[in-house]
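The values are calculated or read from the model by the stated rules, or taken from the named source; none is laboratory data. Note that the structure is predicted; figures quoted are calculated from it, not measured. Note that each Cβ is placed from the backbone with ideal geometry, even for glycine, and that neighbours are counted across all protein chains shown. Accessible surface is based on the protein model in full, side chains and every heavy atom, while ligands, DNA and RNA are left aside. Shrake-Rupley method; radii C 1.70, N 1.55, O 1.52, S 1.80 Å.
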Amino acid sequence: MTRPVTIITGQFGDVPSDKLFAVLQKIGYDGVELACGTEHFDVRRCLHDPNYWPMKRAQLQKYGLKCWAISNHCVGQAVCDLLDQRNLDVIPADLRGATYDETWKNCAEAMKDAARAAKMIGATVVTGFTGSSIWRYLYSFPPVPQVQCDDAYEQAVSDALANGQDPLKIDWIRAGFELFAERWNPILDAFDECGVKFALEVHPTEIAFDLWSAETALDYVNGRRAFGFNFDPSHLLWQQVDPVKFIRHFSDRIYHVHMKDVALQLDGDNGLLGSHLPFGSPKRGWEFRSLGRGHVNFEEIIRALNDIDYEGPLSVEWEDQRMDRWFGAAESYEYVKRVDFPKNVDVVFDAQFAK
């Protein structure tokens with residue numbers, strides 16, 4: 001049995017649900033990954049208005065759509081980010097506090113509510129971001145204080161405490177991961193209580209953006225089962241990280257899958273850091289593409305997902321600045337249906353010759 005094909009609704013956030021769902025039904029989608037903070041799904045109304053979920057459920061049923069996961073990326077981003085106006089522009093107005101400290105705390109509570117809302121509607125996963133207080137230190141100059149050896153770190157902490165100094169200042173990177181764990185463990189407690197998983201989309205600007213930072217993030221929350229990954233190959237490939245190796249490395253932590261393509265456009269004039277050019281510029285070193293039009297090897301990804309027995313949805317995340325989105329949504333659905341195939345479970349092909 002092949003996996004359900006869904007689409008995340010965030011890139012269609014300006015389209016009313018009825019219009020969007022009708023088009024998706026016509027295309028053939030099995031369901032939607034509802035984007036919180038849009039008209040498509042309101043977490044607060046879901047929890048506090050007894051009429052909201054029955055209404056939304058009836059709307060989904062009208063168009064033959066199901067929901068296995070909800071997305072709350074922008075709110076999750078604000079939990080660990082060094083907040084600025086960019087964050088305020090993309091989170092719901094009622095989460096914007098009088099101070100940035102109040103804002104991240106509001107967003108942390110909203111992420112807990114997302115877990116509760118997911119449980120209420122029968123979704124098993126909330127996809128999203130965590131934010132990161134240390135992303136800006138990606139390139140370490142001026143040199144970022146960092147201790148490379150655990151033994152040296154313990155000694156440095158001891159010395160700092162003895163001298164009345166703040167031990168967090170001796171290793172800023174470790175402090176960033178500790179802050180992530182401090183802020184996200186209480187959120188993950190709520191996910192545990194609800195029996196819902198949080199799937200971090202490994203992505204630049206997050207606490208985990210490649211394989212090794214994902215492993216470190218997992219270590220800092222002590223490998224708790226509520227925390228895993230929303231696998232999105234597009235963010236890995238342009239960094240030169242092998243998406244298939246990521247699947248195999250985290251075979252028990254792939255809680256959700258985004259189907260998104262990316263094209264490398266390195267021509268000797270540009271680079272991987274984007275040159276401060278907007279998406280859609282042909283001068284960029286890489287750019288997201290509609291499925292099948294980039295450089296992601298989805299054939300091998302499907303084989304790897306089969307090998308780890310992933311049975312969840314394949315959720316299209318359509319982002320191609322130079323293509324009409326309705327055209328892209330339709331062709332992406334057809335592409336996923338064509339590339340996905342079920343796992344062979346009981347036939348050894350060369351054993352058949354003896355018969």
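Summary of values
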read-out	value
Unit charges on C-beta of K, R, D, E only; dipole of the stretch 190-295, Debye	240 debye
Å² per residue, accessible surface of the chain at 1.4 Å	49 Å²
Of all accessible heavy-atom area on the chain, the percent that carbon and sulfur account for (1.4 Å)	53 percent
Net dipole in debye of the chain [+1 Lys, Arg Cβ; -1 Asp, Glu Cβ; about Cα centre; nearest 20]	1180 debye
Local electrostatic count, ASP210, Cβ distance below 13 Å [Lys/Arg +1, Asp/Glu -1]	-4
Of (1) 0.93; (2) 0.99; (3) 1.05, the label for Cα Rg over 2.2 N^0.38 Å derived from the coordinates	(3)
Length added when fully stretched, ASP219-TRP172, from 0.36 nm per residue minus Cα-Cα	15.2 nm
Centre separation in Å (Cα based) which lies between the stretch 46-73 and the stretch 92-156	27 Å
Selection from GLY228, GLY195, ALA175 lying farthest towards where the dipole of the stretch 118-233 points positive, charges on Cβ	GLY195
Reference-scaled alpha-carbon Rg (2.2 N^0.38 Å with N residues) for the stretch 227-324	1.12
Separation of alpha-carbon centers, the stretch 225-251 and the stretch 5-45, rounded to whole Å	25 Å
Stretchable slack from MET120 to ALA22, in nm (0.36 nm times residue separation minus alpha-carbon distance)	32.9 nm
Rounded accessible area of LEU95 (nearest 10 Å², 1.4 Å probe)	10 Å²
Links that overshoot a 23 Å alpha carbon limit, given the list LYS19/LYS66; LYS66/LYS105; LYS62/LYS112; LYS245/LYS343; LYS26/LYS197	LYS66/LYS105; LYS62/LYS112; LYS26/LYS197
Cα-based helix-to-principal-axis angle, 172-194 vs the chain, degrees rounded to 10	50 degrees
The chain: angle of helix 211-220 to the longest principal axis, Cα-based, in degrees nearest 10	60 degrees
Computed FRET value (nearest 0.05) for ARG322 with HIS249, which takes r as the C-beta separation and R₀ as 35 Å	0.60
